[in-house]
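Working notes, structure below.
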Amino acid sequence: MKIIRYNLCLLLLGVTLTANSAELEIQLYNFPSDGTLVFQVYDTPDSFGDFRAPAQHLKMPANDSGRYLIPEIDAGVIAVVVFHDENENGRMDRNFIGIPKELVGISNNYRPKGPPNFQLASISVGEMETSRQEIEMFQILGKRGQIGVGVGVIGKTSPYLNSNNSSYQVIPAISYLGERLQIFGPNLQFGIFGTGDFRLALSATYRIASYDENDSDVLAGLGDRKSTLMAGLSMIYEWQNGIELEATYRHDVLDKIGGGIAELGLSRGFQFESVRVSPEISMTWMSKKISNHDFGVPDFASTIDRPAYDTGSTVIPGFGISSFVDLSEKWQLILNLKGEALPNKITSSPIVGDDLIFSGNAILAYVFL
């Protein structure tokens, strides 16, 4: 009797699983006629946001018809990705900046211009139904990459005594995503080595001046600080679950200040519909020249009320968040905000009156390729 009840439970369980499942017929266009195709099913915006941890992963040999069936899909809202596994390694190969290199297709014929948007790619499959999708495969970056133009603003709050003037500057913003080159406003990276978990790149960023001497009576006579171009190397390592570790050293290549800045950052991206948010924690080392340029008082500018002060090199802990927003198929909004907690050797300077400083940039761009 117990055996009968046990078998009945298994039968009912099997019926339940079947009743909650669906299948998807896919007709591909612009598909390869040989090799291996990999089909991935995603059911959450976060995993779809960087094509990580799909709910279902199937390999199928390419055929001449382009017709394929994905069975036993959990009913509900899903997004489907198919890619041509050219080197038969079972994974989606990516370029230096993490964009798929191989031929790819996405449900709803969605073609992302940034981090993939689950809402734009998602389809609904009903229980015990056979749904159908026509998907055209394509190269995400095409032959020339993705180009955008727009406007941006970069800025930094003032930690100086008797100063409420934040530094900011409006800039023309050009965005570009290519096989190796990535440009977002004041930041640039060019991949040198690596397409997998470890990558090495040339890195450059525009550094806005920290203050003008007329921002405060305490700063009078110190001279206006200088903007410059910082350039160097970045090493990036991607852990599992989307965690990214980046180590960067950049030097003042225009020699307006001298010295360099090294930074170690840990971040993780989260996708929420059309918005990607990436919180980060960091540690920044500033060389003596740059630290004194921003926060020191040289001997020639010392007064009774403002004695000479040498900050030396210093380490600054930081926290930040960046966001990428798909406003529409062509319009993008990119936001970056960083806070830094100034250590005692900086806050002890006679020109510093705050122990927290914020910097960031905002870019509105139109992508036309």
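What follows is calculated from the coordinates using simple rules that are stated; it is not laboratory data. Every value quoted in this text rests on a predicted model; they were computed, and no experiment measured them. For neighbour counting, all protein chains shown are included, and Cβ atoms are generated from backbone atoms with ideal geometry for every residue, glycine included.
Key figures for this structure:
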quantity: Table column - 3J(HN,Hα) (Hz), the stretch 40-51, Karplus curve with 6.51, -1.76, 1.60, x for Gly and Pro; calculated: 10, 10, 10, 10, 9, x, 5, 5, 5, x, 9, 6
quantity: Pairwise label distance in nanometres, residue 329 with residue 139, each label 7 Å out on the Cα-Cβ vector; calculated: 2.2
quantity: Number of Lys pairs (Cα under 13 Å; 8 or more positions apart or on different chains) in the chain; calculated: 7
quantity: Simple spin-label estimate for residue 202 and residue 354 in nanometres, 7 Å along Cα-Cβ; calculated: 3.6
quantity: If the convex hull is drawn through the Cα atoms of the stretch 259-369, its volume per residue in Å³; calculated: 135
quantity: For the chain: relative contact order, % (alpha-carbon pairs under 8 angstrom, 6 or more apart); calculated: 14
quantity: Whether the stretch 21-136 is rounded, prolate or oblate, judged on the alpha carbon gyration tensor where a/c under 1.5 counts as rounded; calculated: oblate
quantity: Share, in percent, of DSSP beta bridges within the stretch 21-169 that are antiparallel, nearest 5; calculated: 80
quantity: Mean-position separation - Cα centroids, the stretch 224-303 and the stretch 155-175, in angstrom; calculated: 16
quantity: Value of Rg to Rh for the stretch 156-298 (Rh from inverse mean 1/r over Cα pairs, i.e. Kirkwood); calculated: 1.02
quantity: Neighbour cut-off at most 14 other Cβ (10 Å), DSSP loop, GluC sites (Glu not before Pro), the stretch 243-326; calculated: 273
quantity: Pairwise centroid distance, computed over Cα atoms, of the stretch 22-78 with the stretch 334-367, Å; calculated: 44
